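For reference, the structure discussed in these notes is given below.
The values are calculated or read from the model by the stated rules, or taken from the named source; none is laboratory data. Not measured: the values here are computed from a predicted model. Positions of Cβ are generated from backbone atoms using ideal geometry, with glycine treated the same way; all protein chains shown enter the neighbour counts. Note: areas computed on protein heavy atoms with side chains; ligands, DNA, RNA excluded. Shrake-Rupley method; radii C 1.70, N 1.55, O 1.52, S 1.80 Å.
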Amino acid sequence: MRIHFTYAGGTIGMVDSPRGLRPGADLEGWLSGLIPGFAAPPLTPRETAAPQSNAPAPRPSPTPGATYSLTALQPLLDSADATPSTWQAIVDDVRRHAGRADAFVVLHGTDTLAYTTAALSYALTELSQPIVVTGSQLPLNAAGSDAAANVTGALYALTHGAPRGVHLFFGGRLLAGNRATKLSTWAFQGFDSPLSPALAVAGAPWHWSPGGPGAGAGWSSPLPFTTHDVVVVDLVPGLSAARLRAALTPSPVAVILRAFGVGNLPGAPDGPVAVLAEAVRAGITVVLASQCLQGEVALDRYAAGAGAAEVGAVGSGDMTLEATYAKLQFLASQGLRGAELGAWLGRNLAGELTEPAAQR
C-alpha cells in the first residue's frame, strides 16, 4: 500500500520557544523511527486510474511492505492561522499525488482541524482513495504525547478498511470528517461527531460501525477555494437589532446566526427577524444554525423560527458549525450567491447533512 502524508503544521510538530509552542520538530525523522519503511523511495504511479463513482473504495489488506511519501507545506502553520487558502494547498497536494498513492494522511493542528476536514470532504468528492486527518494535543517529543497513537491509528484505519472520503482519527476513534467537532483543548479524545456514530473505535480488535453517513451527491470539477466574507454570530438573550445590523455592515456573502434550540429567534417586531429580512433583500445568504451540540435546525417546528424562514433564511439541518462554514466557503468559491447559495447549502454533498426524506 502506498500512503502519502501531507504535513500542514500544528501541535504535533511543535517545539518550545520563548513565546510558546511553534512548528519546528523533525517530523520526517520522527516518522522514520515510528513507521518501519517510512524512508522509502518516492511512490511510483498507480497501475489503474482512480474510479470516479460514489461506490466505496476496496477495503485494503494489511501491507507490511507499505511505501510512503511526505510533503511539508510551507510555511507550517499553527492551525489558528489556517484559511481557505490552506485548505486549497492541502487539496492541491492530495491531487498531485492521487495517481501514486492508495491513501492519504493529513497532519494538522487541532484548533481548526474540523473546519479543514469538512472543507476537504467537499473539494475531494471525486477522489477514490480514503483520507485520514489527524494531529495531537501534545507535541511529538513531549512526555506522554498522543502523537504516535494518533498517527499509527490513522495508518491502521487506512490499511484495515477505511472507506473512501475524508475522515478524522483522534483519541482512538475514526469519525466522519465533516461530522466532527472539537470538544476539548486537553483531553486525548478531543473530538466527537455528536449526530453521527463513530466509523470505528480502536481496540483489541477494532470495532467498525456498519455503513456511515453516506457519500452525498458530490461536486464535479470544483473550482479552488477562495476566501469569502462569511460572518458567524451567536444569538444571546437581549441581542439588539442595531448590534446585529452592525455585524452585517458592510454586507457579507453569508451569515450564520447560531440561534436557540432548533433555530428559534426572538419574535419582537424590531428584533433579529427584521434585520434578517433586510439582509436577504440585500442578497446576503442567511443561515440559521443551532447552538446545541446535538441540535438539528427545523425552522417550521416553532413559531419562533417560522418568522426567519418566511423572510428567506435557511436552516443548517444537522450540520456542525464547521461543516456549515466550510460548505458556504466552498459553494461561494463555485460562484453561488444569495438564494441559490442557500438552496445548495441544504443539499447533501459529502455526507455532511441528513436531508429531509422529501429531498432525497
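Is it the case that Arg258 is without any contact (Cβ under 8 Å) to a residue 40 or more places away in the chain and charged (D, E, K, R)? Considered against the rule, which asks whether it is without any contact (Cβ under 8 Å) to a residue 40 or more places away in the chain and charged (D, E, K, R), Arg258 comes out as no. A search for C-beta distances below 6 Å between a residue of the stretch 229-254 that is under 25 Å from Lys327 (Cβ atoms) and any residue that is of a type in the set (S, T, N, Q), counting only pairs 6+ apart in sequence or on different chains, returns Ala254/Thr285.
Screening the candidates Ile3, Ile12 for the property of being more than 14 Å from Ala103 (Cα to Cα), of a type in the set (Val, Ile, Thr) and modelled with pLDDT of 95 or more yields one hit, Ile12.
Here the stretch 145-190 is the region considered, the condition is being at pLDDT 95 or above and among the basic types (Lys, Arg), and the residue that is farthest from Thr116 (Cα to Cα) is Arg173. For the stretch 312-323, the set of residues classified as in contact with a strand residue (DSSP E or B) (Cβ under 8 Å, 6 or more places away or on another chain) and surrounded by fewer than 24 Cβ atoms within 10 Å (Cβ to Cβ) consists of Gly312, Val314, Leu321, Glu322, listed by residue number. Among the criteria (1) farther than 23 Å from Thr110 by Cα; (2) crowded, with 17+ Cβ neighbours inside 10 Å; (3) modelled with pLDDT under 90, the one Tyr68 does not fulfil is (3). For the stretch 268-295, the set of residues classified as touching a Gly at 6+ places or on another chain (Cβ under 6 Å) and more than 17 Å from Val230 (Cα to Cα) consists of Val273 only.
If you filter the stretch 17-40 down to residues that are open to solvent by 40 Å² or more (accessible area, probe 1.4 Å) and part of a loop (DSSP other than H, G, I, E, B), you find that the one that is nearest to Ala147 (Cα to Cα) is Asp26. Going through Pro237, Pro224 one at a time, which residue ends up being of a type outside the set (Gly, Ala, Ser) and farther than 26 Å from Asn264 by Cα? After ruling out the rest, the residue left standing is Pro224. For beta carbons closer than 8 Å, sequence separation of 6+ or different chains, a first residue in the stretch 132-156 that is open to solvent by less than 20 Å² (accessible area, probe 1.4 Å) and a second that is among the charged types (D, E, K, R), the qualifying pairs are Ser136/Asp146. Check whether at least one residue in the stretch 338-345 is modelled with pLDDT of 95 or more, crowded, with 16+ Cβ neighbours inside 10 Å and not in a helix (DSSP H, G or I), and report yes or no. No, the stretch 338-345 contains no residue that is modelled with pLDDT of 95 or more, crowded, with 16+ Cβ neighbours inside 10 Å and not in a helix (DSSP H, G or I).
When the stretch 157-168 is filtered for residues that are on the phi < 0 side of the Ramachandran plot and either of a type in the set (A, V, I, L, M) or under 21 Å from the mean Cα position of the chain (by Cα) (or both), the ones remaining, listed by number, are Ala157, Leu158, Ala162, Pro163, Arg164, Val166, His167, Leu168. Residue check: is Ala308 touching a strand residue (DSSP E or B) at 6+ places or on another chain (Cβ under 8 Å), in a helix (DSSP H, G or I) and open to solvent by 20 Å² or more (accessible area, probe 1.4 Å)? Answer is no for this residue.
Only residues that are modelled with pLDDT under 95 and open to solvent by less than 30 Å² (accessible area, probe 1.4 Å) were counted across the stretch 274-296, and they come to 1.
Pick from the stretch 198-235 the residues that are out of contact with any helix residue (DSSP H, G or I) (no Cβ under 9 Å at 6 or more places or on another chain) and part of a strand (DSSP E or B): which of them is surrounded by the most Cβ atoms within 10 Å (Cβ to Cβ)? Ranking the qualifying residues of the stretch 198-235, first place goes to Trp208.
Contact map, the stretch 208-227: residues that are within 12 Å of Ala123 (Cβ to Cβ) paired with residues that are of a type in the set (Asp, Glu) and part of a loop (DSSP other than H, G, I, E, B), Cβ distance under 9 Å, separation 6+ or inter-chain. Pairs shown: Gly218/Glu126; Trp219/Glu126; Ser220/Glu126; Ser221/Glu126; Pro222/Glu126. Residue count for the stretch 79-116 satisfying the condition of being more than 13 Å from Pro224 (Cβ to Cβ), part of a loop (DSSP other than H, G, I, E, B) and either modelled with pLDDT under 95 or not acidic (Asp, Glu) (or both): 10. Taking the stretch 172-195 as the range and being in a loop (DSSP other than H, G, I, E, B), open to solvent by 10 Å² or more (accessible area, probe 1.4 Å) and closer than 25 Å to Leu349 by Cβ as the test, the residues that pass are Leu183, Pro194, Leu195. The condition of being within 22 Å of Asp93 (Cα to Cα), of a type in the set (Gly, Ala, Ser), touching a residue at least 24 places away in the same chain (Cβ under 8 Å) and surrounded by fewer than 24 Cβ atoms within 10 Å (Cβ to Cβ) holds for only one of Ser121, Ser128, that being Ser128.
Inside the stretch 239-259, can you point out the residues that are open to solvent by less than 80 Å² (accessible area, probe 1.4 Å) and not aliphatic (A, V, I, L, M)? Correct list: Ser240, Ser251, Pro252, Arg258.
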